[in-house]
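Structure first, commentary second.
The values are calculated or read from the model by the stated rules, or taken from the named source; none is laboratory data. Every value quoted in this text rests on a predicted model; they were computed, and no experiment measured them. Neighbour counts are summed over all protein chains in view; Cβ atoms, including those assigned to glycine, are modelled from backbone coordinates with ideal geometry. With ligands, DNA and RNA removed, areas are computed over all heavy atoms of the protein, side chains included. Shrake-Rupley method; radii C 1.70, N 1.55, O 1.52, S 1.80 Å.
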Amino acid sequence: MGPLEFVQDVWVIGDPSGEHLALEPEGLVHRVDESDRETIAWSRLMNFSLEAQPGKVASSKGLARTAKILANLSGAGYSASGGASVAATLRRPYEDWSADFDHHSRKYPRHHIKLVDELLRQTVEKGAAVRLGDPEWISTAVEILAELAPAASRPQRSVIRDLLDGMD
């Protein structure tokens, strides 16, 4: 479903062959490569959001160089991920946190991006972030959400709310 994928018994956000986030029992694990990883405990998440584009942004060296120059001139940060990222506010200590992830080569349907974002957002807001580390719970949630047609966001939000309430 969009950037969310089940790989080797773990749900991941992003392309698992590159920089990605794994939803593991102990927390959200940001993996850049096999040796570089950061784990954010589920209990630290106060809010959560996902941003991704439907298609993978071109990755030519010339385009990347131009993007870096423009970002530096404007004072903005440069993200080689093409805007594929997650962001959260963490507690103990309080801080803003974000991480990029690699976009799969496939396109993400817009409604899948919205559904995954809403699932992650509402689960954390409800204080149930630890559920995101339960592969069976995520599988059930994705199965239910996959049946939703690209419709208005209000019904999607209520389906996710009902899903969270019904899985207590």
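For this structure, a couple of remarks:
- Index of the failed condition, Ser98 passing every other in (1) closer than 14 Å to Leu28 by Cβ; (2) in contact (Cβ under 8 Å) with a residue 60 or more places away in the chain; (3) small (Gly, Ala, Ser): (2)
- Hits in the range 31-52 (condition: surrounded by 16 or more Cβ atoms within 10 Å (Cβ to Cβ), of a type in the set (A, V, I, L, M, F, W, C) and at pLDDT below 95): Ala52
- The set of residues in the range 107-153 being of a type in the set (D, E, K, R) and open to solvent by 60 Å² or more (accessible area, probe 1.4 Å) consists of Lys107, Arg110, Lys114, Arg121, Glu125, Lys126, Asp134, Glu136, Glu143, Glu147.
- Matching residues, the range 5-29, being of a type outside the set (Asp, Glu) and over 15 Å from Ala129 (Cβ atoms): Phe6, Val7, Gln8, Val10, Val12, Gly14, Pro16, Ser17, Gly18, His20
- For beta carbons closer than 9 Å, sequence separation of 6+ or different chains, a first residue in the range 130-143 that is without any contact (Cβ under 8 Å) to a residue 60 or more places away in the chain and farther than 18 Å from His112 by Cα and a second that is open to solvent by less than 40 Å² (accessible area, probe 1.4 Å) and part of a helix (DSSP H, G or I), the qualifying pairs are Arg131/Trp42; Arg131/Thr123; Arg131/Trp137; Arg131/Ile138; Arg131/Ala141; Arg131/Leu164.
- Condition check for Leu28: under 19 Å from His104 (Cβ atoms) and either modelled with pLDDT of 95 or more or β-branched (Val, Ile, Thr) (or both): yes
- Top-ranked residue of the range 11-26 - restricted to ones that are open to solvent by 10 Å² or more (accessible area, probe 1.4 Å) and in a loop (DSSP other than H, G, I, E, B), ranked as nearest to Lys56 (Cα to Cα): Asp15
- Unmet criterion (only one of (1) of a type outside the set (Phe, Trp, Tyr); (2) at negative phi; (3) not in a strand (DSSP E or B)) for Val29: (3)
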